[in-house]
1. Quick one: how many residues across segment A:164-188 are closer than 19 Å to residue A:300 by Cβ and buried (at least 16 other Cβ atoms within 10 Å of the Cβ)?
2. Exactly one of (1) on the phi > 0 side of the Ramachandran plot; (2) away from DNA strand D (no atom under 16 Å from the Cβ) is unmet by residue A:103. Its number?
3. If you go through segment A:262-274, how many residues are in contact with a strand residue (DSSP E or B) (Cβ under 9 Å, 6 or more places away or on another chain) and surrounded by fewer than 23 Cβ atoms within 10 Å (Cβ to Cβ)?
4. Considering only residues that are surrounded by fewer than 16 Cβ atoms within 10 Å (Cβ to Cβ), farther than 19 Å from residue A:132 by Cβ and either at the interface with chain A (Cβ under 9 Å from one of its Cβ atoms) or within 12 Å of DNA strand D (Cβ to nearest atom) (or both), which ones fall in segment B:50-78?
5. Taking residue B:105 as the residue in question, decide whether it is in contact with a helix residue (DSSP H, G or I) (Cβ under 7 Å, 6 or more places away or on another chain), without any contact (Cβ under 8 Å) to a residue 12 or more places away in the chain and within 23 Å of residue B:69 (Cβ to Cβ).
6. Select from segment B:100-142 the residues that are more than 11 Å from chain A (Cβ to nearest Cβ) and modelled with pLDDT under 90 and write down the one among them that is surrounded by the fewest Cβ atoms within 10 Å (Cβ to Cβ).
7. Quick check on residue A:234: is it closer than 20 Å to residue A:91 by Cβ and either in contact (Cβ under 8 Å) with a residue 12 or more places away in the chain or in the same structural domain as residue A:179 (by TED's automatic domain parsing) (or both)?
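The values are calculated or read from the model by the stated rules, or taken from the named source; none is laboratory data. Just so you know, these numbers come straight off a predicted model, no measurement behind them. We place every Cβ from the backbone using ideal geometry, glycine too, and count neighbours over all the protein chains shown.
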DNA sequence: CAATTTTTGGCAACCGGTTGACAAGGGTGG
DNA sequence: CCACCCTTGTCAACCGGTTGCCAAAAATTG
């Protein structure tokens, strides 16, 4: 076998002798032309049932697997979708990643993951790099500006999660339902003054949520103030505790659960009783939100479903369907746990 | 431009007119042969400094980017590594994913992610599928058997995390240090009987950790019993609470943090005070382990570092270095928080 | 049964790089 | 001045599929 040009053997490879039979090997075995093999294996109905069978058997026998690169080269199709998240350490994205991976692999697509580390520049770079190797791209809570996203979107299908951009398919949780449930519940429990702890300024969602809170409070005749946090983390939540107390609010809704958890820890450390003296409502319902004591009441944002929906839209577009013209909205809902309740003045 | 064979324009593409200049375009612009361009761009020093410069300028001007598929086809190199995790929802893997992604992208490799959903069969399928498109593969806490892993490893470089397999490079936390710290700390706090809550039988790690606990308890002259859990989750932890109480142990070390959290919740719900009446020590130090009240004492397993190390080894192997012959071990350490302490009989 | 249409398979070009073989050009030493 | 060697660019084959075009074969129709 060391002689050059091994005659009948399927094309050899570096070391593993198992892999890599080619359509040429199949063609030889089946006694047809390689192009016929290609058609039999990808174009349904293009060849007669008889030859189809012969070829399939030969492929089976040789343990054939298409070479994705060889296919991608002329067609551009890679059976791959890219997902870019702002921060892999942020549990908010865990569910999105999971939803996307699961849905993608159910439809035979592989997920390629990249992180922007919260930097718009890194994000653009990563997006460009990925874009050349995937069939489509999903941007979860993107940090780059709208124009960059539109530019990417002109190249290949792009779906955005957690942000709304005209002309680009988006999946955006409709925060209003969850927020109004939360505010109504707080009002019913005797609260009259509410504080909203905002997230990072460059997050599109933080504004959206504040709008929702403001509107719901007006409707329920609650006072609402907006407080700023230094960063949307547990630590940020701790730091904002002072402002919360100063604000005089007895109920707080935070931009995300991490802030809520930090805030609750700090308030409890200062001797406040939750929810007897102050109610805290988080946002998202991340993993671990129910680990706290009391467990965190929160507005659940169906992150996993966002991932799923985004992939579904993307794959549909890839199959030639039209993208929905409007942002797809998924519902949020209040999850009542122990951190909110009646005010015991 | 509708006329066929557009003459001078760089090769056109579906719609986006920006992307995809080829080495042929560069060659034409620079007045050299395409192969020279290829060499200038990949083989350092193969062409003269002068032509190198000319070509680089031309590439710059045309905004050239290699076509990864065209490159992968003849060479097999894809600048891509695959990572397979047992369960994307399990926070244990979050840090691994993150470590791998970060380290990979720092060395210009893209991470491709797949999940086995805890099923050995799915895992093998996913592994095979990925293997054909990546340069190397990382298996985090694999569920498939050793032989399958060795088979994969014969095809392309494979690195395993959280399991030790002869002949395959592995990254395995050395649990002994962390465990003995934990046991010593418990002994010093007056505990004499300890229970270990085990994880799933097919997990290599659960046995390893039990060995460590047993040995450390012998050394510190503590009694040690092993209890089985139905599943390594919060729920599984709740269910095992009964057995823990029955065992008479006043200190518990669990296979992972999720079990510890569930166990603590259930015990507290039953009126037990932690750590006054019972001490609980988890394993891994996952995200959220410090959200509980009291915060969870745990043996930290440096998951992120495991991801990083695994990628480093993999990329080194890909560059022709030898893999370490022995399993690479990373240190574990005890993180003392509130859930363990002195026994107040 | 011949004429016509529809299937079906083959040919060959192409996707965009990589690389072994080779020859022209340039430099060195005898 | 010539032989020899090294550097550098070119040629051409190749990686493994896909696809437009054409002709042979089969099926349909009058």
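1. 15
2. (1)
3. 1
4. B:50, B:53
5. Taking the combined requirement at face value, the residue does not satisfy it.
6. B:119
7. So residue A:234 fits the description; yes.
Listed here are the residues, each with its yes/no results for (1) within 10 Å of DNA strand D (Cβ to nearest atom); (2) modelled with pLDDT of 95 or more; (3) more than 14 Å from every other protein chain (Cβ to nearest Cβ).
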| position | (1), (2), (3) |
| --- | --- |
| A:9 | no, no, yes |
| A:14 | no, no, no |
| A:20 | yes, no, no |
| A:48 | yes, no, yes |
